[in-house]
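Below is one structure, written out as structure tokens; comments come after it.
The values are calculated or read from the model by the stated rules, or taken from the named source; none is laboratory data. On a predicted model such as this, the values are computed, not experimentally measured, just so you know. Here Cβ is always computed from backbone atoms with ideal geometry, including for glycine, and neighbour counts include all displayed protein chains. The protein model used for the area step is the full one, side chains on, heavy atoms only, and it has no ligands, DNA or RNA in it. Shrake-Rupley method; radii C 1.70, N 1.55, O 1.52, S 1.80 Å.
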Amino acid sequence: MSAPKQIRIGAKRSSHSHRWMRWRMFITLIGGLAIAWPLASYAQQPKQPLKRVGVLVEAPCPHRLTQPDNLGPWFARLSELGWIEGQTIVFDCVSTVGRLDQVPALAHELVSRRPDVLTASLSSLISALKQETTTIPIVMLYAWEPVRLGLITSLARPEGNVTGVAWFYLIAKQMELLKEIVPNLKRVAFVRGVPGVAGLPVFPEARKIGDEDRQLAASALGLTWQVFEAAAASDYDEIFARLEAENFDAVNVPGLPLNIENRARICQLALHHRIPAVSDGASWAKCGLLFSYGQDFTWSMSLAMDYVDKILRGAKPGDLPVEQATKLRLTINLKTAKEFGLTIPPTLIARADELIE
């Protein structure tokens with residue numbers, strides 16, 4: 001009998017194993033090439049330049065515009081629209097705080113940096129930027145009566161290089177609300193801060209329009225009024241002392257640059273001299289004024305960022321209709337009302353967007 005054949009199972013397994021290893025190496029090589037080729041191609045593509053947004057504001061500039069204070073919540077809208085700070089967009093902020101007498105120079109400085117689009121709040125700051133450039137687009141974060149002040153031609157067709165969000169004066173409505181709260185309201189003071197504004201071309205017309213609107217509101221409500229102008233922070237002390245000594249029933253503090261810069265001081269003085277006071281933004285009521293009534297800041301800023309987005313993507317400012325802010329906000333400080341012995345009508349409490357207790 002012949003010896004049985006020996007089957008070398010281990011050798012066949014080894015042969016199959018080698019073929020499988022070679023196949024895996026081939027697939028890995030092909031896959032690597034497939035991945036490497038688009039990456040290499042992508043790396044060769046030129047990087048898109050960052051878009052630059054110049055910001056001229058009456059508030060302090062934050063360290064980062066995405067932080068929760070200052071301008072952060074407003075510029076978060078750009079993030080929602082796909083812009084990433086530091087990667088696709090950068091902000092160049094210039095603040096007028098402590099430098100209101102240098103507004104024209106600050107506007108010149110910001111324009112000289114050649115941003116892709118400029119933004120500003122308040123008609124006076126927008127006017128300063130417009131004096132420096134007719135080519136770089138300017139977006140109004142909010143601006144009172146831009147047509148009446150000559151910043152734009154019309155809301156529907158602004159033309160030129162300015163567009164954005166328009167505000168309208170609410171003096172008459174603020175006075176109506178005051179009259180509902182303050183018994184026997186007769187004499188009202190208006191405190192206007194002028195540095196950094198008085199030297200701009202827009203100021204005389206702004207003063208004229210403001211005075212006309214105040215006169216109309218006062219006449220309709222049977223009130224008398226007087227304007228007090230502050231040229232420096234220390235002037236507010238003297239003004240409020242006079243208001244108490246001369247028995248003014250209330251005071252209106254418009255959101256002008258010097259007033260905003262001295263907001264905390266004004267709130268403290270109004271409380272100290274026990275003078276019911278009103279302004280436009282909710283931050284005024286939160287710091288102690290009796291109430292605030294005006295356009296919603298956050299809503300307006302978010303809307304303005306839509307304009308910035310469109311312009312950075314190629315739209316022309318003169319072709320973008322200016323939108324008039326219609327979202328209004330009433331904030332009442334019940335703590336201040338109690339301190340002054342004033343009763344807020346239930347109808348106003350029901351209408352308020354925010355009550356501070």
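Points to keep in mind about this one:
- The amide H of residue 294, built 1.01 Å from its N in the peptide plane, has 329 as neighbours under 5 Å, considering only residues 5 or more places off or on other chains.
- Remark: segment 335-346, residue by residue, has Karplus-estimated 3J(HN,Hα) of 5, 5, 4, 5, 4, 8, x, 9, 9, 7, x, x Hz, where x stands for each Gly or Pro and the curve is 6.51 cos²θ - 1.76 cosθ + 1.60 at θ = phi - 60°.
- Per residue value of the accessible surface for segment 94-161 (all protein chains in place, 1.4 Å probe), Å²: 38 Å²
- Computed 3J(HN,Hα) for segment 95-103, one whole-Hz value per residue from the Karplus formula 6.51 cos²θ - 1.76 cosθ + 1.60 where θ = phi - 60°, is 9, 8, 4, x, 9, 5, 7, 10, 3, glycine and proline marked x.
- Packing around the peptides 236-243, 298-305, taken as the average count of other Cβ atoms within 10 Å per residue, puts them in this order, highest first: 298-305, 236-243.
- Cα centroid separation, segment 306-353 to segment 207-228: 22 Å.
- Mean separation of Cα contacts under 8 Å, 6 or more apart, over the residue count of segment 70-151: relative contact order %: 22 percent
- Scanning residues 5 or more positions from residue 138 or on other chains, those with amide H under 5 Å from its amide H are 118, 162, 163, with H placed 1.01 Å from N in the peptide plane.
- Whole-percent carbon and sulfur share, accessible surface of segment 101-254, 1.4 Å: 51 percent
- Other-chain or far-sequence residues with amide H under 5 Å of residue 192's (modelled H): 228, 229, 230
- In sequence order, segment 281-288 has phi-based couplings of x, 4, 4, 5, 5, 5, 8, x Hz under the Karplus curve 6.51 cos²θ - 1.76 cosθ + 1.60, θ = phi - 60°, and Gly or Pro positions carry x.
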